[in-house]
């Protein structure tokens with residue numbers, strides 16, 4: 001009985017803890033402050049995206065267009081500045097683009113009632129295509145002199161802590177506040193837990209769903225700006241990479257069920273820390289790329305298998321909408 | 001009578017002589033017909049060249065395309081592009097479709113050594129000449145135009161080893177994608193040099209998958225472990241923007257020697273060398289490669305040689321871009337100029 005109380009969050013935290021202790025004991029140079037900060041810095045963009053995904057998943061949806069909002073509006077900022085527009089003007093335009101995109105996503109899902117999986121799959125392709133065909137000259141949008149100073153968002157250090165880590169922490173606090181303290185947060189949980197029940201009790205479900213996707217798009221755009229500032233360019237074909245799986249992984253691994261209504265910021269942080277620790281440790285050990293994928297897969301499978309053993313699903317525990 | 005006649009004829013003959021003399025310069029201005037150009041023009045006119053890069057929208061592939069069009073379209077040739085947008089299966093599908101469309105020449109940029117190999121062999125059997133660019137496959141076709149990756153690996157490794165003299169002798173290698181032959185060949189070149197320098201220690205050799213963000217993450221971790229690193233061999237400037245960002249962030253620009261390679265476009269190569277991000281960028285000069293390809297196509301079509309019966313290579317002469325020549329007008333090229 002007691003074993004059943006260990007949930008996935010606990011299991012993942014346990015694995016993270018064991019890995020961390022093992023690396024700290026065995027790998028010279030792992031358990032240093034500097035390396036810890038690098039570890040966090042390397043996963044901060046992934047973590048911020050995880051927060052965006054968490055908001056949507058808690059509301060029983062999924063946003064596959066997140067990487068498109070990470071790539072296209074920030075890419076537009078770099079392109080516009082390259083073409084001679086001012087930085088504030090470019091950022092405003094990009095945020096507007098993200099906002100409109102999120103609103104269209106939300107409208108299609110909430111009002112036209114198209115399943116989120118298909119809506120965001122298609123809309124992400126559309127946005128990425130729009131960027132490639134109309135907005136950018138080249139796949140990799142280069143940094144230009146007009147962006148001077150903006151790179152601090154991804155590369156700066158304040159009080160010895162990289163700015164991108166600080167940004168991730170602030171994003172965590174803001175999202176935690178939204179989900180736990182505000183009424184909107186409570187509504188998102190209610191809609192995720194039981195959409196029909198939420199509707200019956202008078203929660204404005206549809207506007208809240210639109211809001212979820214707008215928030216996700218804006219956070220995605222923000223993560224993109226951090227990424228661009230960090231690598232001094234925007235490699236927009238990141239849309240074609242497997243990054244969206246990493247984001248879903250961080251969320252699901254951390255213990256936010258895809259069936260909605262459960263989990264929070266802490267889950268994202270734990271999922272992000274596990275991925276970050278694995279990547280960092282394997283880089284220090286100089287494990288080749290294919291080996292890294294193998295190990296990553298094994299650890300993830302262990303987490304998922306352990307969860308299904310400890311929390312077996314049956315007709316009572318399964319929810320409608322489970323994937 | 002005779003005299004009278006002569007007297008009458010005299011002006012006639014004189015006139016004829018003058019007329020004949022007058023036509024002489026006209027005859028001299030009538031040139032000779034060069035016997036070969038007509039056939040050359042005929043061999044090219046109306047023919048189609050199909051171009052399948054791994055993806056459009058980046059300096060290399062856009063440059064090759066613009067260069068091919070510039071060289072071939074004036075001869076009435078059509079240059080068409082099928083953009084697989086980084087999807088290997090979409091690329092294989094594009095090549096398969098082209099087999100039935102029967103262009104005269106296919107210009108192929110392989111994502112790996114295997115996927116298109118069989119298809120390219122079939123294309124040449126069906127009479128389509130195949131030119132492979134920069135990334136070759138296991139099938140050797142009419143022509144390969146591209147960089148010698150082993151040489152790139154060797155020259156970059158040599159530069160890094162030299163920069164490490166009297167320092168820690170610790171270096172890192174940031175590879176591309178493991179499935180790409182270019183990455184494996186470059187690594188072989190690096191190994192060739194390292195075999196001669198046992199004092200050099202490779203503290204990290206990992207694949208960043210042509211991805212700048214991944215390259216940055218790896219380099220950051222490596223630099224934290226080994227702040228006394230003296231050099232990095234990078235495999236592509238598009239990816240090594242990330243490597244350079246990590247070096248800059250660690251405050252080690254100028255201390256860690258970063259060697260990389262690329263197509264030599266001004267923004268991606270010269271500007272970054274000037275800013276100190278890269279210490280050496282070996283350029284394979286895309287416009288020259290495009291001209292080499294076009295020359296090969298002109299020769300293949302005008303010679304009437306049966307596809308698959310001749311096989312040759314044109315390895316690009318590399319241009320090392322360093323602080324010394326990065327500001328010059330000729331070391332790099334502008335994509336916008338090439339498209340004009």
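Report whether or not residue B:333 is over 25 Å from residue B:38 (Cα atoms) and surrounded by 14 or more Cβ atoms within 10 Å (Cβ to Cβ). Yes; evaluated as a whole, the condition is true for this residue.
Selection of first residues in region A:271-288 that are more than 13 Å from residue A:22 (Cα to Cα) and of second residues that are surrounded by fewer than 20 Cβ atoms within 10 Å (Cβ to Cβ) and modelled with pLDDT of 85 or more, restricted to Cβ pairs under 6 Å at least 6 apart or on distinct chains, gives the following pairs, ordered by first then second residue: A:284/A:27.
Residues that are under 19 Å from residue B:327 (Cβ atoms) and at pLDDT 95 or above occur in region B:260-269; there is at least one.
Matching residues to (1) in contact with a helix residue (DSSP H, G or I) (Cβ under 6 Å, 6 or more places away or on another chain); (2) more than 7 Å from chain A (Cβ to nearest Cβ); (3) more than 26 Å from residue B:188 (Cβ to Cβ):
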{"residue": "B:204", "(1), (2), (3)": "yes, no, no"}
{"residue": "B:217", "(1), (2), (3)": "yes, no, no"}
{"residue": "B:226", "(1), (2), (3)": "no, yes, no"}
{"residue": "B:230", "(1), (2), (3)": "no, yes, no"}
{"residue": "B:233", "(1), (2), (3)": "yes, yes, no"}
{"residue": "B:243", "(1), (2), (3)": "yes, yes, no"}
{"residue": "B:254", "(1), (2), (3)": "no, yes, yes"}
{"residue": "B:281", "(1), (2), (3)": "yes, yes, no"}
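Scanning region B:159-180 for residues that are surrounded by fewer than 19 Cβ atoms within 10 Å (Cβ to Cβ) and within 25 Å of the chain's Cα centre (by Cα) yields B:178, B:179. The residues of region B:310-329 that are in a loop (DSSP other than H, G, I, E, B) and under 14 Å from residue B:286 (Cβ atoms), listed by number, are B:316, B:317, B:318.
Only a single criterion out of (1) within 14 Å of another protein chain (Cβ to nearest Cβ); (2) out of contact with any strand residue (DSSP E or B) (no Cβ under 6 Å at 6 or more places or on another chain) is not satisfied by residue A:79, namely (2). A single entry from A:49, A:26 fulfils the requirement of being surrounded by fewer than 24 Cβ atoms within 10 Å (Cβ to Cβ) and within 30 Å of residue B:224 (Cα to Cα): A:26. Of A:270, A:244, which residue is within 29 Å of residue A:301 (Cβ to Cβ), more than 9 Å from chain B (Cβ to nearest Cβ), within 11 Å of the chain's Cα centre (by Cα) and part of a helix (DSSP H, G or I)? Exactly one of A:270, A:244 is within 29 Å of residue A:301 (Cβ to Cβ), more than 9 Å from chain B (Cβ to nearest Cβ), within 11 Å of the chain's Cα centre (by Cα) and part of a helix (DSSP H, G or I), namely A:244.
Residues that are closer than 30 Å to residue B:196 by Cβ and more than 14 Å from chain A (Cβ to nearest Cβ) number at least 3 in the following helices (runs of 4 or more DSSP H) confined to region B:86-177: B:149-163.
Suppose the filter is closer than 30 Å to residue B:226 by Cβ, more than 22 Å from the chain's Cα centre (by Cα) and within 14 Å of another protein chain (Cβ to nearest Cβ); does residue A:22 pass it? When the stated conditions are applied, residue A:22 does not pass them. Scanning region B:127-142 for residues that are more than 26 Å from residue B:283 (Cβ to Cβ) and in contact (Cβ under 8 Å) with a residue 40 or more places away in the chain turns up B:127, B:128, B:129.
The values are calculated or read from the model by the stated rules, or taken from the named source; none is laboratory data. All figures in this text were calculated on a predicted structure; none of them were measured in a lab. Methodologically, a virtual Cβ is constructed for each residue, glycine included, from the backbone with ideal geometry; neighbour enumeration extends over all protein chains shown.
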